1. Which of the residues spanning segment 34-53 are outside any strand (DSSP E or B), among the hydrophobic types (A, V, I, L, M, F, W, C) and open to solvent by 40 Å² or more (accessible area, probe 1.4 Å)?
2. With the structure loaded, tell me whether LEU189 is open to solvent by less than 40 Å² (accessible area, probe 1.4 Å) and in contact (Cβ under 8 Å) with a residue 40 or more places away in the chain or whether it fails that test.
3. Looking at (1) open to solvent by 30 Å² or more (accessible area, probe 1.4 Å); (2) not in a loop (DSSP other than H, G, I, E, B), which is the only condition GLY150 fails?
4. Go through LEU154, LEU163, LEU52, LEU80 for me and flag whichever is touching a residue at least 40 places away in the same chain (Cβ under 8 Å) and closer than 30 Å to VAL245 by Cα.
5. GLU56: open to solvent by 40 Å² or more (accessible area, probe 1.4 Å), out of contact with any helix residue (DSSP H, G or I) (no Cβ under 7 Å at 6 or more places or on another chain) and over 25 Å from TRP141 (Cβ atoms), yes or no?
6. Here is a list of conditions, (1) in a loop (DSSP other than H, G, I, E, B); (2) closer than 27 Å to VAL28 by Cβ, and GLU197 meets all of them except one; can you say which number that is?
7. Exactly one condition in (1) loosely packed, with under 14 Cβ neighbours inside 10 Å; (2) under 16 Å from the mean Cα position of the chain (by Cα); (3) of a type in the set (Asp, Glu) is not met by GLU164; state its number.
8. Considering only residues that are touching a strand residue (DSSP E or B) at 6+ places or on another chain (Cβ under 7 Å) and open to solvent by 90 Å² or more (accessible area, probe 1.4 Å), look in segment 104-133 and name the one that is nearest to ILE15 (Cα to Cα).
Amino acid sequence: LLEGAPGLGKTKLAIALSRSVEGSFKRVQFTPDVLPSDVTGFCLYNKETGELEYKEGVALCNFLLADEINRASPRVQSSLLEAMEERQVTVEGVTRELPSPFMVIATQNTIESQGTYPLPEAQMDRFFMKLHLEYPSRGEWEEILEQSEGVEPLKALKQVVSLEELEATKKKLREVVVSKEVKAYLLDLAEAISHHEMVEVGISPRGTIALLKATRGAAMVGGRSYATPDDVQQVLKAVVGHRLVLKTQAQWKSTQISDILKEVLEQITPPVFHV
């Protein structure tokens, strides 16, 4: 889930990812008139055969960009729940598996409220990560201006990863060692966050599994075959922050989720490894 002010490149980031990796890509611009069948597909009666024929929805792809997802009605948003969690869609009682890999990349603007429908907690919990895009630095802004004068950068992108390489990387990811100590640290953090006095809804088992996977990913990106407490800390906010629901009194005290995560990280002592 990509969040940020308008014009920061959320949609371009998703398109750039899809063009860099082999696989099918589909985009749906979520608006109030989009129907669940546009996402999952629908069955159409064929007069010649006398049977129902399935017409694919946009979910039948490897990478689905749900642009401005909060502009769709809750009914349409819920049509993605089965796809995001179980990698399948069910239409007219028939379940169809989605291609592998399958990934939903959703965007939403943080400053707009008119004509939007906040994502329900059940759907927020299905997003592996929520990333907030900030304004670029002065140097990055200058580079953006320079690029805008030439050929559109997206058109110059070429595929650099095949689906076979992606599947091989996923298998390699499972081989990253997470010791009992690091897992215990991960669970200590999850438990402390969920039991915090300002938290109404804490981290679900799905959330802790996502945190474990992200920890392995951080270790692999760091060039290691084993995970450390630093890896857990690095991905904690992106994986956990959007899953939490704060109590009403947290708003009165202007308590932010980032404040709670920082407090818990200071309270829980990570295990020490001697290399």
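The values are calculated or read from the model by the stated rules, or taken from the named source; none is laboratory data. Because the structure is predicted, anything quoted here is derived from the model rather than measured. Because the Cβ atoms are built from the backbone with ideal geometry, glycine has one as well, and the counts that use them run over all protein chains shown. What goes into the accessible areas is simple: the full protein's heavy atoms, side chains included, and nothing from ligands, DNA or RNA. Shrake-Rupley method; radii C 1.70, N 1.55, O 1.52, S 1.80 Å.
1. LEU35 - this is the single residue of segment 34-53 that is outside any strand (DSSP E or B), among the hydrophobic types (A, V, I, L, M, F, W, C) and open to solvent by 40 Å² or more (accessible area, probe 1.4 Å).
2. Yes; evaluated as a whole, the condition is true for this residue.
3. (2)
4. Every option except LEU80 fails the conditions.
5. yes
6. Failing condition for GLU197: (2).
7. Looking at each condition in turn, GLU164 falls short on (2).
8. The selected residue is HIS132.
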